Amino acid sequence: MHNHRTTITQFIIEEQRHIPGATGDFTSLLNDVVTACKVISNLVNHGALVGVLGAAGTENVQGEDQKKLDVISNEVFLKTNEWAGHLAAMASEEMEEVYQIPSQYPRGKYLMTFDPLDGSSNIDVNVSVGTIFSILRCKGNCVNPTAEDFLQRGTEQVCAGYALYGPSTMMVLTTGRGVNGFTLDQNIGEFVLTHPNMTIPADTKEFAINASNMRFWETPVKRYVDECLAGKEGPRGKDFNMRWIASMVAEVHRILTRGGVFMYPLDSKMKEKGTEGKLRLMYEANPMAFIVEQAGGAAITGQHRILDIQPSHLHQRVPVILGSKNEVELIAKYHQEMQ
Ligand code: P6P
């Protein structure tokens with residue numbers, strides 16, 4: 001007897017039935033996003049073989065050197081999602097301005113933000129990278145939306161997800177009814193449900209932070225990490241492990257799978273530069289916070305819940321502390337004590 005696995009297409013159609021007002025647009029949009037991730041997965045997997053590694057020789061709006069695959073992945077996401085009439089506009093980490101849907105295509109009722117290839121500094125050294133996306137309803141001008149139409153709180157997201165191009169290519173999705181993970185079956189070219197109802201353990205013994213920034217950390221973060229490092233003999237009474245992949249999608253996926261806490265906190269170096277954090281709110285922090293909360297975890301800036309932030313501009317950066325609920329709540333407590 002063939003063991004039938006639910007495909008992501010079937011899953012999305014079944015999910016659609018629970019989304020108020022969903023008319024099939026949402027399902028079709030998500031399936032186009034899935035197609036874009038399959039194409040990016042193929043490009044990432046064939047890297048050096050098809051000449052897509054290395055620097056593009058350009059900078060993105062963040063002032064970061066773009067990899068060839070950053071630019072290519074961005075193009076793939078735009079071209080795969082622009083034509084079907086489900087989107088009013090898109091916004092990407094790789095583009096300064098809102099992407100208007102070309103005039104030959106109909107406009108739809110959704111807005112999508114995305115980071116087409118997060119962690120791309122890892123591409124040339126063959127370490128996992130990912131794609132992150134977030135879907136909002138277009139509430140204002142849906143003919144030629146502006147950046148302001150995107151500036152909705154994370155709680156307004158209709159859907160958030162990521163693709164992880166790792167040893168397996170996986171997609172993880174939430175539409176506000178829990179979190180589900182799908183693995184790309186290369187034999188049939190479909191994502192199949194392999195991780196239903198993913199939940200983050202409330203406690204953990206693993207934290208992730210870029211320790212090279214230690215001398216810039218604020219007191220609450222320094223206190224939390226020092227206590228983890230003190231191990232069994234310290235105030236936590238247990239030993240901790242540390243990870244840092246420099247690919248947020250891979251870190252979040254590990255946390256969804258076995259718990260943990262991920263921190264890219266505000267530090268004195270950022271304050272001197274006048275920035276509010278490293279990670280971007282609209283297409284990194286918000287989608288990941290939605291997923292983490294839906295999996296029973298928590299996601300804060302240190303002082304506030306990420307999903308409650310009223311965005312002020314499209315490429316706004318925020319501090320991110322997310323993962324196992326009890327650990328994030330302890331870190332929040334240390335921040336409150338710092339007040
Ligand atoms: P650092 C990748 O560029 C990214 O946006 C996240 O995916 C990752 O967690 C972080 O930045 C890595 O930052 O400073 O360690 O290179």
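Here, each number is a calculation from the coordinates, and none is a lab measurement. Everything quoted here is computed from the prediction, not taken from an experiment. Using ideal geometry, Cβ is built from the backbone for each residue, glycine included, and neighbour counts are taken over all protein chains shown.
Quick rundown of the values:
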| quantity | calculated |
| --- | --- |
| Sparse-neighbourhood loop sites, GluC sites (Glu not before Pro) in the range 81-141 - DSSP loop, at most 15 other Cβ within 10 angstrom | Glu96, Glu97 |
| Bridge type composition, the range 156-266 - antiparallel percent by DSSP, nearest 5 | 75 percent |
| Bridge type composition, the range 206-338 - antiparallel percent by DSSP, nearest 5 | 70 percent |
| Percent RCO, i.e. relative contact order, over the range 53-151, from Cα pairs under 8 Å lying at least 6 residues apart | 24 percent |
| Principal axis dimensions, the range 8-110 - Cα atoms, whole angstrom, descending | 44, 29, 24 |
| For Arg137, distant residues with modelled amide H under 5 Å away | Leu111, Val158 |
| Exceeding the 32 Å Cα-Cα cut-off - candidates Lys139/Lys205; Lys109/Lys278; Lys278/Lys333; Lys271/Lys325 | Lys139/Lys205 |
| Principal-axis tilt of helix 325-338 within the chain, Cα atoms, nearest 10 degrees | 60 degrees |
| Projected area, mean over directions - the range 8-195, Cα convex hull, nm² | 10.8 nm² |
| Arg243 long-range amide H proximity, modeled H, under 5 Å | Phe207, Ala208, Ile209 |
| Calculated log₁₀ intensity ratio I(q)/I(0) where the Debye formula runs over C-alpha points of the range 63-144, q = 0.15, 0.19, 0.20, 0.25 Å⁻¹ | -0.55, -0.80, -0.86, -1.17 |
| Per-selection metrics, the chain (Cα): Rg and Dmax in Å | 19.6, 66 |
| Rg(Cα)/(2.2 N^0.38 Å) for the range 206-338, N = residue count | 0.99 |
| The range 185-197 - phi-based ³J(HN,Hα) in whole Hz, Karplus 6.51/-1.76/1.60, Gly and Pro as x | 8, 4, 5, 10, x, 10, 7, 10, 5, 10, 10, x, 6 |
| Length-normalised contact order of the chain in % [C-alpha pairs under 8 Å, at least 6 apart] | 15 percent |
| Cα long-axis angle, helix 248-258 against the chain (0 to 90 degrees, to the nearest 10) | 70 degrees |
| Mean separation of Cα contacts under 8 Å, 6 or more apart, over the residue count of the range 206-338: relative contact order % | 27 percent |
